[in-house]
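Step one of this worksheet: look at the structure below.
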Amino acid sequence: TGFSFGRVLDGSGEPGVLVRSGAHLPPAFRRPLPIPPVLRPTRSDTATDYYEITQRAADVEYLPGLRTPSWTYNGSFPGPTLITRSGRRAVVTHRNELPRPVVVHLHGGHMPADSDGYPGDTILPGDGSSVSHDMSVPGNPVVGSRDYVYPGKQRAATLWYHDHSMGFTGATVYRGLAGFHLVRDDEDDALPLPKGDRDIPLMITDRSFAADGQFAYPSLAPNLTVPGVTDDHLNGVLGDVVLVNGAPWPALPVDRQRYRFRILNASNCRRYGLRLDPPPPDGDPTFTQIGSDGGLLSRPLTHESIDVAPAERFDVVLDFARYAPGTRVRLVNTLATDRTGEVMCFDVSDRTPQDTTAIPDELSSVEYLDPRQAVRTREFLFQSQNGDPGWSINGEPYTPGTVLAHSRLGDLELWRFTSDVHHPVHVHLNHFQVTRRSNGGPGPYDAGWKDTVDLLPAQAMEVAIRFTDYPGRFVFHCHNLEHEDMGMMADFTTI
Ligand code: C2O
Ligand code: CU
């Protein structure tokens, strides 16, 4: 098959299966950082912008000279970036030309249940081919294409869209079904932050490639047995190549001024501990965080390093005026010692343009969800299933239609998550705020409105959440996509 497996421990002691590429891996920092194309609306009326995306197979060149058969949004990976406006409705028509059913979820989006990407709300292939809907899964399958309606009742934030096929999300996202969706608003636009080509989304993923360029994902190789690692892939699949916006270990030339980076970890299960090497020589903290999953923080926060679990977003400002001209600044991952310990680099030019940007002390007024006002507390245990392969929440492997929480719109609730190993926990429909962790208050990476939190091994944490606007059926789940596919998901409803 042209690739191989090994057991690994990531820097945090978490087991996963590392798939070792059979393909020749290029040296780092040769490819320029690609910027995903921005998708223009096909038409607009007074209140709505209309977009169209075709999901189709395409050969994509990730490694130099190799063509990798991929599943894509409009032929590229990452898919095109949607940029929508808070207060305006967006309708995105997805046409399915792939050979299997798909489901689209706008991660971090606030929208009615029928546009949320519930696992049963599939788009079946338009050519009437083979695969049909599993009738045991509740939902509303459609053939050929579906209109996803996003009302735009949310503030500016870095969202992303990706496939959500039940039991196959790990495989479909790995093959390329992921893209950015940025929401903009007047508040964010009015701040003196870096804009335009200095406001850059970074989608970080890890992948492995067989010698012929094909993706080396375990479930893509039928009947593959993994010597010595029986069922360990249930713990998550780790690649040995880091792609940023689809390019392996890319380089970005930067001038000596500020840049805004919207960092998204879109990897199936890999966590990253991001740092700059060398750190800024002035000794001040490296990263200024201005936003999280759900948009701007109330005030900026600084970090030496940032731990990013799958699906989390960190909106940061880096100031390259702090470096001498000609410095190569590497963005490294301290949680790995192999080549995934390197992510990308910034090559600092000798240009020092006048920088009119600034990071205000006050970014936004963020409503505080006071846990003492909560009307209900719910407990969710994320763990491996007793004895059986797979993963569960409160002992239940995912059964669509089995509801673990019935919530009332407008009620403030506390949700407590407890775990055995790392689980990035994601809740659909509304953002939440972390109120505490079992070792104290919210952690350094918990600030602001979140939709995904890094639940740490043998820890408990509590978030305050209030569902609003849309009654219906939604899901929450682990965003380690192999855990999700192996059952670590549950339904909740809102009325
Ligand atoms: Cu990003 Cu339910 O997922
Ligand atoms: Cu998990």
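Quick look at the numbers
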{"quantity": "Shape category assigned to the chain from the gyration tensor of Cα positions, a/c cut at 1.5", "calculated": "rounded"}
{"quantity": "Distance in nm between pseudo-label sites at residue 379 and residue 147 (7 Å out along the Cβ direction from Cα)", "calculated": "4.6"}
{"quantity": "Spin-label proximity, residue 57 to the stretch 78-110 - amide N less than 17 Å from point 7 Å beyond Cα toward beta carbon", "calculated": "96-102"}
{"quantity": "Charge dipole magnitude, Cβ of K and R +1, D and E -1 - the stretch 312-415, Cα centre, debye nearest 20", "calculated": "160"}
{"quantity": "Selection from 174, 126, 395 lying farthest towards where the dipole of the chain points positive, charges on Cβ", "calculated": "126"}
{"quantity": "Sorted by Cβ density within 10 Å, fewest first, the residues 94, 181, 483", "calculated": "94, 181, 483"}
{"quantity": "Relative contact order (%) - criterion: Cα under 8 Å, at least six apart; region: the stretch 371-494", "calculated": "34"}
{"quantity": "Dipole of the chain, positive direction: furthest Cα of 138, 301, 235, with charges on the beta-carbon", "calculated": "301"}
{"quantity": "Amide proton proximity set for residue 175, modelled H, under 5 Å, gap of 5+", "calculated": "none"}
{"quantity": "Least to most buried among 296, 369 (fewest other Cβ within 10 Å first)", "calculated": "369, 296"}
{"quantity": "Rel. contact order, % - alpha carbon contacts under 8 angstrom, at least six apart, the chain", "calculated": "15"}
{"quantity": "Residue exposure sequence - 412, 274, 301 - by fewest surrounding Cβ within 10 Å", "calculated": "412, 301, 274"}
{"quantity": "Förster radius 25 Å - calculated FRET efficiency between residue 358 and residue 38, Cβ distance, rounded to 0.05", "calculated": "0.45"}
{"quantity": "Charge dipole of the stretch 196-348 about the Cα centre (unit charges at C-beta), most positive-ward option of 218, 259, 247", "calculated": "259"}
{"quantity": "Nearest-0.05 FRET efficiency for residue 190 and residue 370, computed from C-beta distance (R0 22 Å)", "calculated": "0.20"}
{"quantity": "Karplus 3J(HN,Hα) series, Hz, for the stretch 252-269 with 6.51 cos²θ - 1.76 cosθ + 1.60 (x for Gly, Pro)", "calculated": "10, x, 10, 8, 7, 7, 8, 10, 9, 10, 9, 8, 10, 8, 9, 6, 4, 9"}
{"quantity": "Chymotrypsin sites (Phe, Trp or Tyr not before Pro) within the stretch 303-389, DSSP loop, no more than 12 other Cβ atoms inside 10 Å", "calculated": "368"}
{"quantity": "Relative contact order of the stretch 90-194, defined on C-alpha pairs under 8 angstrom at six or more residues apart (%)", "calculated": "31"}
{"quantity": "Dipole in debye (nearest 20) - the stretch 371-494, about Cα centre, beta carbon charges: Lys, Arg +1; Asp, Glu -1", "calculated": "580"}
{"quantity": "Size of electric dipole in the chain: Cβ of Lys, Arg +1 and of Asp, Glu -1, about Cα centre, debye, nearest 20", "calculated": "580"}
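Rule-based calculations on the coordinates, nothing more; no lab input. Here the structure is a predicted model, which is why all the values come from computation and not from measurement. Counting neighbours? That spans all protein chains shown, and the Cβs are built from the backbone with ideal geometry, glycine included.
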